[in-house]
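Data first, discussion second: the structure below is written as C-alpha cells.
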Amino acid sequence: MDDSMASDPLIELLRLLGAGAAFTGPVLAQRLDVHPAVLEAMLETLAASGHIAQPASCAGGCHGCPSAVSCRVVVGARIWNLTERGRRLLQGH
C-alpha cells in the first residue's frame with residue numbers, strides 16, 4: 001500500500017465507513033483525530049465526489065429499509081452510505 005494513501009484522512013474515513021459499523025459524528029471525529037467541523041467538511045467532500053451518499057428517506061426507520069445494511073455514519077440526523085464508487089476506491093487501496 002502506498003504510504004501517502006495510508007495517511008490520507010479521506011481514505012481513512014472511507015475505510016471506517018466501509019467497516020460496517022455506525023458512528024456518531026463526535027465518535028467518528030475522535031477516531032480520525034479531527035475537529036467535528038473538519039469531519040463535516042470531509043463528509044461533504046466525499047459526498048460531492050460521489051463516494052458517499054444519503055438514502056432518499058429515513059422516515060420509516062431502519063426496519064425494512066433497503067439501505068439498512070449499508071448505512072455507516074449518523075451525524076446528527078443524517079445517515080451516510082458508502083457508494084459503489086467509494087467501495088471501488090477502497091478496493092484499489
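A few comments on the model shown:
- Applying the criterion of being part of a helix (DSSP H, G or I) and loosely packed, with under 13 Cβ neighbours inside 10 Å to the residues of segment 6-30, the residue that is modelled with the lowest pLDDT is ALA6.
- Members of segment 41-59 found to be open to solvent by less than 70 Å² (accessible area, probe 1.4 Å), among the small types (Gly, Ala, Ser) and modelled with pLDDT under 90, listed by number: ALA53
- Failed criterion for VAL73 (all others in (1) more than 12 Å from the chain's Cα centre (by Cα); (2) at pLDDT below 65 hold): (1)
The values are calculated or read from the model by the stated rules, or taken from the named source; none is laboratory data. Model, not experiment: these values are computed from the prediction. Cβ sites come from the backbone with ideal geometry, for glycine too, and all protein chains shown count toward neighbours. Side chains included, ligands, DNA and RNA excluded: accessible areas come from the protein's heavy atoms. Shrake-Rupley method; radii C 1.70, N 1.55, O 1.52, S 1.80 Å.
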